[in-house]
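*Asks:* The structure under discussion is supplied below as structure tokens; questions concerning it will follow.
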Amino acid sequence: MAVCKCSGEQVASPQDVELMELLGHYRDYEGGLIPVLQGAQEIYGYLPAEVLEKISQELSLPFSEVFGVVTFYAQFHLKPRGRNIIRVCLGTACHVLGGSKIFAALQDELGVENGGTTDDLRFTLESVACIGACGLAPCIMINDDTHGRLVPSDMKKILEQYE
Ligand code: FES
């Protein structure tokens, strides 16, 4: 919901309108919860509590069921995410070649823990098991870009490439 500057009343934001259209499409569709959650996350960038409440009401599902699905699947996020998602590989090959040092350097540089997002929403930092580029170990992905054969001192320059 957005607040109208003239009247102070709550008005539907363009995102709310999009959500209602999505809900209208799936309201009578059995098994529609997952596609609605995926669509809502695309609209808002994450799944705020008030959006989950709206979904629960409109699909006539208990809030606990909606919340349970969101927390079960790793694809859903309850907090805002950064514009750039950094995935640091801590799989075996990367771990052996210093993946945890790369991770520590990124934590220092960004000031966030695993799963954390910087206050300016520029980056979210996550660790993952293997990104399928073991030959480039230790490596990370930022969005769809793979950066490999890294040393901790590379991190600052790499981060500068992302707004
Ligand atoms: S272990 Fe890191 S890419 Fe496979």
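*Asks:* Quickly run through region 66-88 and pick out the residues that are touching a strand residue (DSSP E or B) at 6+ places or on another chain (Cβ under 6 Å) and outside any loop (DSSP other than H, G, I, E, B).
*Replies:* 84, 85, 86, 87, 88
*Asks:* Restrict the check to region 79-91 and report whether at least one residue is within 18 Å of the chain's Cα centre (by Cα), closer than 30 Å to residue 161 by Cβ and surrounded by fewer than 15 Cβ atoms within 10 Å (Cβ to Cβ).
*Replies:* Checked against the condition, which is being within 18 Å of the chain's Cα centre (by Cα), closer than 30 Å to residue 161 by Cβ and surrounded by fewer than 15 Cβ atoms within 10 Å (Cβ to Cβ), region 79-91 yields at least one hit.
*Asks:* Could you list, in sequence order, all residues of region 92-107 that are exposed (fewer than 15 other Cβ atoms within 10 Å of the Cβ) and either hydrophobic (A, V, I, L, M, F, W, C) or assigned by TED's automatic domain parsing to the domain that holds residue 20 (or both)?
*Replies:* Once the filter is applied, which keeps residues that are exposed (fewer than 15 other Cβ atoms within 10 Å of the Cβ) and either hydrophobic (A, V, I, L, M, F, W, C) or assigned by TED's automatic domain parsing to the domain that holds residue 20 (or both), region 92-107 yields 96, 104.
*Asks:* Given the conditions (1) surrounded by 13 or more Cβ atoms within 10 Å (Cβ to Cβ); (2) not in a helix (DSSP H, G or I), report the number of the one that residue 43 does not fulfil.
*Replies:* (2)
*Asks:* Here's another thing I want to ask about it. Only one of (1) within 14 Å of the ligand (Cβ to nearest atom); (2) β-branched (Val, Ile, Thr); (3) loosely packed, with under 13 Cβ neighbours inside 10 Å fails for residue 71. Which number is that?
*Replies:* Residue 71 satisfies all of (1) within 14 Å of the ligand (Cβ to nearest atom); (2) β-branched (Val, Ile, Thr); (3) loosely packed, with under 13 Cβ neighbours inside 10 Å except (1).
The values are calculated or read from the model by the stated rules, or taken from the named source; none is laboratory data. Note that the structure is predicted; figures quoted are calculated from it, not measured. Please note: Cβ atoms are built from the backbone with ideal geometry, for glycine as well, and neighbour counts cover all protein chains shown.
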